[in-house]
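See structure below.
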Amino acid sequence: MSYKTLELFIDGASQGNPGEAGVGVVICNNGEVIKNFSKPIGATTNNVAEYYALIYGLQEALFLQAREVIVNTDSELLAKQLNKDYKVKNASLKPLFAQAQHLLSGFSSFRINQIPRTQNKGADKLATKAIKR
């Protein structure tokens, strides 16, 4: 099955920053959840976890054959770096940014929105659950 547009809600969390980290992703089609997942990613920073959430979400959207993707995140840094409002200066984020850019080239269109944490509760809950595994 393929989709015209998928909407992703993503979150990365780290306990301790750096500390044990996890990601949460909720994938929606026309406002309906079609898939969600959480995954522990080991010890890292919150910003690295946010990028991993993005990468896992984009990979899944490509697997689901989406042509367009809308990403919602509560990470200001991630949203502003992908919108090219901020430069990627942190050495550990540069390869993750490059990987995200590569994955984004597989879509005909892409948009990222910074949303309030209160609108990202599903992904946040999944990321927190991943840390506790």
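The values are calculated or read from the model by the stated rules, or taken from the named source; none is laboratory data. None of these values were measured; they are calculated from a predicted model. Every residue, glycine among them, receives a Cβ derived from its backbone with ideal geometry; neighbour counts consider all protein chains shown.
Checking the conditions here, which among 132, 87, 121, 39 is at pLDDT 95 or above and out of contact with any helix residue (DSSP H, G or I) (no Cβ under 8 Å at 6 or more places or on another chain)?
Details: 132 fails: at pLDDT 95 or above; 87 fails: out of contact with any helix residue (DSSP H, G or I) (no Cβ under 8 Å at 6 or more places or on another chain); 39 fails: out of contact with any helix residue (DSSP H, G or I) (no Cβ under 8 Å at 6 or more places or on another chain).
That would be 121, the only listed residue that is at pLDDT 95 or above and out of contact with any helix residue (DSSP H, G or I) (no Cβ under 8 Å at 6 or more places or on another chain).
Here are some residues: 117, 133. Which one is within 24 Å of residue 31 (Cβ to Cβ) and charged (D, E, K, R)?
Working: 133 fails: within 24 Å of residue 31 (Cβ to Cβ).
Unique residue meeting the criteria: 117.
Take the stretch 75-133 and flag every residue that is over 21 Å from residue 38 (Cβ atoms) and among the charged types (D, E, K, R).
Within the stretch 75-133, 76, 80, 84, 85, 87, 89, 94, 111 meet the criteria.
Could you list, in sequence order, the residues of the stretch 78-100 that are in contact with a strand residue (DSSP E or B) (Cβ under 9 Å, 6 or more places away or on another chain), surrounded by fewer than 16 Cβ atoms within 10 Å (Cβ to Cβ) and closer than 21 Å to residue 62 by Cβ?
Let us first name the residues in the stretch 78-100 that are in contact with a strand residue (DSSP E or B) (Cβ under 9 Å, 6 or more places away or on another chain), namely 78-80, 82-83, 92.
Pick out the ones that are also surrounded by fewer than 16 Cβ atoms within 10 Å (Cβ to Cβ) and you get 80, 83, 92.
Result: 83, single match.
Could you please find all residues in the stretch 101-114 being within 14 Å of the chain's Cα centre (by Cα) and farther than 14 Å from residue 57 by Cβ?
Selection gives 101, 114.
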